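The values are calculated or read from the model by the stated rules, or taken from the named source; none is laboratory data. Computed from a prediction, not measured in an experiment: that's the story for all the values here. Note that each Cβ is placed from the backbone with ideal geometry, even for glycine, and that neighbours are counted across all protein chains shown.
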Amino acid sequence: MARSSGKSELIGGTIIPPTHLELNVADHCNITCRACNHASPIMPAWFADPDTVQRDYAILARHYRPAFIKVLGGEPLMHRHLDAVIEAARSTGISDHFTLATNGTLLHKASDAVWAAVDEVEISVYPDVAGVADNIRLARDKARDFGKKLTVFYYDRFRATFSLQGTADRDLVAKVYAACKIANLWGCHTVREGYFYKCPQSIYVALLAGRAPEPDGIAIVDGPTFQADLLEYVNDPAPQIACAHCVGTVGILEPHAFLTRREWRDHIDKPTEAMVDLDWLERCRTRQDRRDDCKIPARLMAQGWLDRLPWLQRGLRAVLPSWPAQGGLRLGERVLRRNAEVPREVDDNETASEAVRR
Ligand code: SF4
Ligand code: SF4
């Protein structure tokens, strides 16, 4: 359950982050979504090593306890030893709940060991990805057999994230950071090879530029000041180095599409000013919305219901050839947005993140 402040807090000698810690087990992906916010379509192949995860999480677990661990990538099911990585993390006692977030395309290959290792599977469904509807049906059976929770979300649009050219406008960077839900509300912290990061995007911005990500992170060391240093780091109101090349959660809205890997790099080879949705940025400075406005729960998608009724879907496609394989109608969008809004009056000298933390 997300806490309302968006800030990490020291409670009973342990840092409690706003929500979760991400366990990125692969950088690359088997599909190429246009606005992937982990840059996976152009990341070189990389897999997390179970021993390294165990080493880092064992130190972190003495100081920090997230509500859950989100296991993702890239596409996490591309990792051949995914169950071993999850077990390595779980053995440290860092959290009791592990959610596997997948695009669903490889779920038919997920071993029983993977189903046994996780507590929940979350499927992100993108339009017109072959085989996912069948895999959702299969996953429902597996989840029931293994006693695991299954969640399905639909995405038919994304907000842009990365800008290869970046910006020298420090005021714009400060505003983007202050409005960034990843940094200020969702707390998508992550760990990679001995370092803790406030967001995975800071790692991928560095890798896109061919530089090491460590300057935006904090070394995981079992020293007497580590916990205090970590708390100060995660709640630091100053933008990170990477924020000059990232628009966080205020990027322009783009319909979902697949690009070739070459097209993907060209698509982000623009200045920050061309990637940011200025109206949305200004709105986020006065009204924060905890919801991901690109993510629609299955119950609010016509397709979510239709996936349970394949005969009706076949009939619809026969009558309406343009009916998508996945996706479909958005329902209840306005209700979702209204329920998630956190209206705040923000004066000109106050950042949106400060307002959210009040
Ligand atoms: S499925 Fe997820 S990780 Fe893969 S390209 Fe799409 S958004 Fe990125
Ligand atoms: S790099 Fe900066 S703007 Fe991008 S997600 Fe991280 S904190 Fe937000």
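Please find, among ALA45, ALA88, ALA67, the residue that is buried (at least 21 other Cβ atoms within 10 Å of the Cβ), assigned by TED's automatic domain parsing to the domain that holds ILE123, at pLDDT 95 or above and more than 12 Å from ligand 1 (Cβ to nearest atom). Spell out how you get there, then give the answer.
Details: ALA45 fails: buried (at least 21 other Cβ atoms within 10 Å of the Cβ); ALA67 fails: buried (at least 21 other Cβ atoms within 10 Å of the Cβ).
Matching residue, one of ALA45, ALA88, ALA67: ALA88.
Here is a check on your reading of the model: is VAL129 touching a residue at least 24 places away in the same chain (Cβ under 8 Å) and outside any loop (DSSP other than H, G, I, E, B)?
So VAL129 does not fit the description; no.
Would you point out which residue out of PRO255, PRO271, PRO237 is more than 20 Å from CYS199 (Cβ to Cβ) and within 16 Å of ligand 2 (Cβ to nearest atom)?
Within the list PRO255, PRO271, PRO237, the selection yields PRO271.
How about segment 5-70: which strands (runs of 3 or more DSSP E) wholly inside it have at least 1 residues that are within 16 Å of ligand 2 (Cβ to nearest atom)?
The strands (runs of 3 or more DSSP E) meeting that bar are 20-24.
Residues checked against (1) among the hydrophobic types (A, V, I, L, M, F, W, C); (2) over 29 Å from ILE59 (Cα atoms):
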site	(1), (2)
ALA101	yes, no
ALA116	yes, no
ASP119	no, no
ILE136	yes, yes
GLN165	no, yes
LYS175	no, yes
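Yes/no per residue for (1) surrounded by 15 or more Cβ atoms within 10 Å (Cβ to Cβ); (2) modelled with pLDDT under 95; (3) farther than 20 Å from VAL205 by Cβ:
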residue	(1), (2), (3)
GLY251	yes, no, no
PRO255	no, yes, yes
TRP264	yes, no, no
GLU273	no, no, no
ARG283	yes, yes, yes
ASP289	yes, yes, yes
ASP293	yes, yes, yes
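Which one of ALA117, ALA61 is surrounded by fewer than 19 Cβ atoms within 10 Å (Cβ to Cβ) and either more than 30 Å from LEU230 (Cα to Cα) or assigned by TED's automatic domain parsing to the domain that holds PHE226 (or both)?
Among ALA117, ALA61, only ALA61 is surrounded by fewer than 19 Cβ atoms within 10 Å (Cβ to Cβ) and either more than 30 Å from LEU230 (Cα to Cα) or assigned by TED's automatic domain parsing to the domain that holds PHE226 (or both).
State all residues of segment 254-286 that are among the aliphatic types (A, V, I, L, M) and farther than 20 Å from GLN165 by Cβ; if no residue qualifies, say none. Reasoning before the result, please.
Filtering segment 254-286 down to residues among the aliphatic types (A, V, I, L, M) leaves 257, 259, 268, 274-276, 278, 281.
Within segment 254-286, just ALA257 meets the criteria.
Within segment 157-167, track down each residue that is surrounded by fewer than 19 Cβ atoms within 10 Å (Cβ to Cβ) and either more than 16 Å from ligand 2 (Cβ to nearest atom) or at pLDDT below 95 (or both).
Across segment 157-167, the qualifying residue is only ARG157.
How many residues does segment 196-225 contain that are away from ligand 2 (no atom under 12 Å from the Cβ) and buried (at least 20 other Cβ atoms within 10 Å of the Cβ)?
So the answer is 2.
Could you check, for segment 12-34, whether at least one of its residues is free of Cβ contacts under 8 Å to residues at least 60 places away in the same chain and under 28 Å from LYS142 (Cα atoms)?
yes
State all residues of segment 242-268 that are within 19 Å of the chain's Cα centre (by Cα) and among the small types (Gly, Ala, Ser); if no residue qualifies, say none.
Result: ALA242, GLY248, GLY251, ALA257.
State the number of residues belonging to segment 71-109 that are part of a loop (DSSP other than H, G, I, E, B), of a type in the set (Val, Ile, Thr) and either farther than 20 Å from ALA45 by Cα or within 16 Å of ligand 2 (Cβ to nearest atom) (or both).
2
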